1. Going by the conditions given, is ASP47 within 16 Å of the chain's Cα centre (by Cα), free of Cβ contacts under 8 Å to residues at least 12 places away in the same chain and in a helix (DSSP H, G or I)?
2. If a residue must be hydroxyl-bearing (Ser, Thr, Tyr) and either open to solvent by 100 Å² or more (accessible area, probe 1.4 Å) or touching a Gly at 6+ places or on another chain (Cβ under 8 Å) (or both), how many such residues does the range 113-153 contain?
3. Every residue in the range 37-51 that is over 16 Å from THR73 (Cα atoms) and loosely packed, with under 13 Cβ neighbours inside 10 Å, please.
4. Could you grab me the full set of residues in the range 105-133 that are farther than 30 Å from GLY81 by Cβ and in a helix (DSSP H, G or I)?
5. Anything in the range 16-68 that is farther than 26 Å from GLU95 by Cβ and either of a type in the set (D, E, K, R) or touching a His at 6+ places or on another chain (Cβ under 8 Å) (or both)? List them, or say none.
6. Looking at (1) on the phi > 0 side of the Ramachandran plot; (2) surrounded by 11 or more Cβ atoms within 10 Å (Cβ to Cβ), find the lone condition where LEU156 falls short.
Amino acid sequence: MKDKAPITVRMATVNDVELLHRFSVDLATFEDEPDAITSTPQTLARDGFGKEPQFAALIAERGPMPVGFALYTFNYSVWTGARGIFIEDIWVLPEERRGGVARALMQAVAQECVAKGFKRIDLNVLDWNPARGFYERIGFKWIRNWLPYRLSGEALEKLASG
């Protein structure tokens with residue numbers, strides 16, 4: 001059996017917006033929400049690589065082939081008095097899972113976090129997702145007494161209108 005090429009991780013550029021969008025669609029499909037994607041490569045170019053980037057992303061590659069990505073934003077904790085990273089999306093091609101890709105992406109995010117003096121990395125994961133075990137093995141803690149809430153769509157519009 002031929003050895004696999006090593007994994008490299010690099011920062012995404014505006015040239016990667018088609019790939020980021022495709023991986024996002026793949027992730028939404030995996031999460032049984034294929035119609036939830038309303039972004040386009042054009043909105044990703046504008047929002048991630050314009051004058052005031054709203055997110056950053058990493059691309060994992062095995063040789064020349066993209067095999068995964070992590071897209072994240074930055075947050076701030078009054079408790080720690082420091083910024084942090086919130087991983088919005090992480091996706092690894094199914095045939096590449098258990099091959100070190102997710103670990104390489106998470107390590108790269110952690111390196112950025114530490115290098116910038118940030119204090120933590122947060123993410124949400126679906127309760128049925130088998131990746132939960134991976135996150136726990138690399139040190140993430142499930143915050144059992146915190147429940148995520150979201151306001152969006154019609155409910156957001158209704159609240160905003162008074």
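1. yes
2. 1
3. Result: THR38, THR40, GLN42.
4. Taking the range 105-133 first, the residues farther than 30 Å from GLY81 by Cβ are 126-131, 133.
Result: ALA131, GLY133.
5. THR40, ARG46, ASP47, LYS51, GLU52
6. Going through the list (1) on the phi > 0 side of the Ramachandran plot; (2) surrounded by 11 or more Cβ atoms within 10 Å (Cβ to Cβ), LEU156 breaks only (1).
Quick grid of which residues meet (1) without any contact (Cβ under 8 Å) to a residue 40 or more places away in the chain; (2) part of a strand (DSSP E or B); (3) open to solvent by less than 20 Å² (accessible area, probe 1.4 Å):
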position: ARG10; (1), (2), (3): no, yes, no
position: LEU20; (1), (2), (3): no, no, yes
position: THR29; (1), (2), (3): yes, no, no
position: ASP32; (1), (2), (3): yes, no, no
position: ASP35; (1), (2), (3): yes, no, no
position: PRO53; (1), (2), (3): yes, no, no
position: ALA60; (1), (2), (3): no, yes, yes
position: PHE86; (1), (2), (3): yes, yes, no
position: ASP89; (1), (2), (3): no, yes, no
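The values are calculated or read from the model by the stated rules, or taken from the named source; none is laboratory data. Keep in mind that this is a model prediction, so the values were computed, not measured. A quick note on method: Cβ atoms are made from the backbone with ideal geometry, for glycine too, and the neighbour counts reach across all protein chains shown. Ligands, DNA and RNA are excluded from the accessible area calculation, which covers all protein heavy atoms including side chains. Shrake-Rupley method; radii C 1.70, N 1.55, O 1.52, S 1.80 Å.
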